[in-house]
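The values are calculated or read from the model by the stated rules, or taken from the named source; none is laboratory data. Keep in mind it's a predicted model, so treat the numbers as computed, not measured. Every residue, glycine among them, receives a Cβ derived from its backbone with ideal geometry; neighbour counts consider all protein chains shown.
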Amino acid sequence: MARADICFAFLGNPHTDSRITNIYESLSALGKDVNVIGFNWYSGNYDNPKDWFIYKINRRPAFLFYLKSAAKLFFKLLDITADIYVAEDVYTLPVTAIIAKGRRKKLYYNSREFYTSIGGLAGKSSVQKLIAAIEKFFIKYVDVVTVTGEMDKEFIEKLYHPKEIIVIRNIPRKISPKPEKIFNLREKFGIPEKSVILIYQGMLQKGRGIYQSIEAVKTIANTALVLIGYGPDEDKIKMLIDEENLRDKVFLTGAVEHKELLNYTASGDIGLTLIENISTSYYYALPNKLFEYLNAGLCVLSSPLPQMKKIVDEYKVGETVNPENQEEINDAVKKLSENSELLEKYKLNAASAREELNWENEFEKVKRYFV
């Protein structure tokens, strides 16, 4: 049986997840033995650290996928004895809880979203209710709940009254992009030098302002959009690009490994966090991409949702617009693409913000829970 200080379980690919990557590296640097169990259902091979166990499982049909992943996770956790078990999402919570509590070990749970109202499950009330019921039952056994923002903390406290809850924001390490390592998106996709590059990174799915961003660059000269990531809407987006003849305006990179992400993002000008208010989970959003844009020195174009607007306004790093108002989005993109002085001001403020908003500062606040 393998021995670890801490074991993370995540229904996703840790290589493309900054939160797991950062905390793994920080804990390893402190001499902790950390195991990571994850799943990768998209194409692409990665070099796994010796204590990472990534399983490839076909995501369709969904029900069979969850059964297979739960079984894989259960038997792998049986083979790992740890002092702290961490369920990185609600999907791994039941199995991780059973193992941790069965062995009388500490159980942590990362509430990544408000699973009572997941944006991606809008319109699927029965599935949402099932997931919410699972969370409500198993959270009683959790020793420490982690969330990504202060408003998330308040919401979860009122909803479940957990034993303890702490905030760990999804903030990247303080790394200035090195010019020689920046992946030149202009060269890769043939984007003209005079064009302003809008960057979206993350899951390609509804509720993220992706289609509105495509519409904006379609109508505004000297702009291009680069989508970094993968997701359920990938084929739909590719079809839209072909139908609208936008192959010289909108580009997809596919999934990018976390350690290379900064070098891709830093090649852009404006980072997009146009999350739509389609669920409670989205309303409270404070996504890692917002901080990653700042780390890369990008101006930000964001929704006016409270936790994101607070960062954008406080550090003066960009503009906020209503993601459901296409005219407002178009006006903001046009303004930023035509006003180079304003754009550069926001970029400089973003570079300054990373001196405070970085993983090193964030981890220092919470490391006592893991060491």
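How many residues are assigned to a strand (DSSP E or B) and charged (D, E, K, R) when one looks only at segment 289-340? So that I can check it myself, show each step before the final result.
First pass over segment 289-340, keeping only residues assigned to a strand (DSSP E or B): 299-302, 318-320.
Keeping just the survivors that are charged (D, E, K, R) gives 319.
Of the residues in segment 289-340, 1 are assigned to a strand (DSSP E or B) and charged (D, E, K, R).
Would you mind stating whether Asn277 is at pLDDT below 95, surrounded by fewer than 22 Cβ atoms within 10 Å (Cβ to Cβ) and assigned to a helix (DSSP H, G or I)? Full working, then the answer.
Values: at pLDDT below 95: yes; surrounded by fewer than 22 Cβ atoms within 10 Å (Cβ to Cβ): yes; assigned to a helix (DSSP H, G or I): no.
No.
Hey, among the residues in segment 341-371 that are of a type in the set (A, V, I, L, M) and in a loop (DSSP other than H, G, I, E, B), which one's farthest from Ile214 (Cα to Cα)? Let's see the steps before the verdict.
If we filter segment 341-371 for residues that are of a type in the set (A, V, I, L, M), which is where we start, we get 342-343, 348, 350-351, 353, 357, 366, 371.
After this cut, where a residue has to be in a loop (DSSP other than H, G, I, E, B) as well, the list is 357, 371.
Details: Leu357: 29, Val371: 45 Å.
Ranking the candidates gives Val371 first.
If we keep just the residues of segment 340-371 that are within 21 Å of Tyr24 (Cα to Cα) and polar (S, T, N, Q), which is surrounded by the most Cβ atoms within 10 Å (Cβ to Cβ)?
In this case the residue turns out to be Asn358.
May I ask you to verify whether Leu262 is in a helix (DSSP H, G or I), in contact with a Pro (Cβ under 8 Å, 6 or more places away or on another chain) and among the hydrophobic types (A, V, I, L, M, F, W, C)?
Working: in a helix (DSSP H, G or I): yes; in contact with a Pro (Cβ under 8 Å, 6 or more places away or on another chain): yes; among the hydrophobic types (A, V, I, L, M, F, W, C): yes.
Answer is yes for this residue.
Picking from Pro232, Pro172, Pro192, which residue would you name as being more than 25 Å from Arg112 (Cβ to Cβ) and touching a residue at least 24 places away in the same chain (Cβ under 8 Å)?
Details: Pro232 fails: more than 25 Å from Arg112 (Cβ to Cβ); Pro172 fails: more than 25 Å from Arg112 (Cβ to Cβ).
None of the others qualify; the one that does is Pro192.
Please pick out the residue among Glu257, Glu244, Glu234 that is among the acidic types (Asp, Glu), farther than 24 Å from Asn330 by Cβ and modelled with pLDDT of 95 or more. Even if it seems obvious, please write down each step before you answer.
Values: Glu257 fails: modelled with pLDDT of 95 or more; Glu244 fails: farther than 24 Å from Asn330 by Cβ.
Only one candidate passes the filter, namely Glu234.
Within segment 240-259, count every residue that is more than 17 Å from the chain's Cα centre (by Cα), part of a helix (DSSP H, G or I) and either touching a residue at least 40 places away in the same chain (Cβ under 8 Å) or exposed (fewer than 13 other Cβ atoms within 10 Å of the Cβ) (or both). Don't jump to the end; show me each part of the working.
Step one: filter segment 240-259 for residues more than 17 Å from the chain's Cα centre (by Cα), giving 240-252.
Those left that are additionally part of a helix (DSSP H, G or I): 240-243.
In the following step, the residues that additionally are either touching a residue at least 40 places away in the same chain (Cβ under 8 Å) or exposed (fewer than 13 other Cβ atoms within 10 Å of the Cβ) (or both) were identified as 242-243.
Count: 2.
Please verify whether segment 103-113 includes one or more residues that are free of Cβ contacts under 8 Å to residues at least 60 places away in the same chain, farther than 29 Å from Leu305 by Cβ and in a helix (DSSP H, G or I).
The answer is no, given that none of the residues of segment 103-113 is free of Cβ contacts under 8 Å to residues at least 60 places away in the same chain, farther than 29 Å from Leu305 by Cβ and in a helix (DSSP H, G or I).
In this structure, is Asp152 among the charged types (D, E, K, R), part of a helix (DSSP H, G or I), crowded, with 16+ Cβ neighbours inside 10 Å and touching a Phe, Trp or Tyr at 6+ places or on another chain (Cβ under 8 Å)?
On the way: among the charged types (D, E, K, R): yes; part of a helix (DSSP H, G or I): yes; crowded, with 16+ Cβ neighbours inside 10 Å: yes; touching a Phe, Trp or Tyr at 6+ places or on another chain (Cβ under 8 Å): yes.
For Asp152, the condition - among the charged types (D, E, K, R), part of a helix (DSSP H, G or I), crowded, with 16+ Cβ neighbours inside 10 Å and touching a Phe, Trp or Tyr at 6+ places or on another chain (Cβ under 8 Å) - is met.
Got a sec? Which of Leu130, Leu107 is closer than 30 Å to Asp83 by Cβ, more than 20 Å from the chain's Cα centre (by Cα) and either at pLDDT below 90 or surrounded by 21 or more Cβ atoms within 10 Å (Cβ to Cβ) (or both)? Before you say what the answer is, go through the steps one by one.
Working: Leu130 fails: closer than 30 Å to Asp83 by Cβ.
Just a single option satisfies the conditions, and that option is Leu107.
With Val333, Val321, Val300 as the choices, which residue is within 27 Å of Ile278 (Cα to Cα), at pLDDT 95 or above, within 20 Å of the chain's Cα centre (by Cα) and among the β-branched types (Val, Ile, Thr)? Outline the logic, then answer.
Details: Val333 fails: within 20 Å of the chain's Cα centre (by Cα); Val321 fails: within 20 Å of the chain's Cα centre (by Cα).
Selected residue: Val300, the only one of Val333, Val321, Val300 that is within 27 Å of Ile278 (Cα to Cα), at pLDDT 95 or above, within 20 Å of the chain's Cα centre (by Cα) and among the β-branched types (Val, Ile, Thr).
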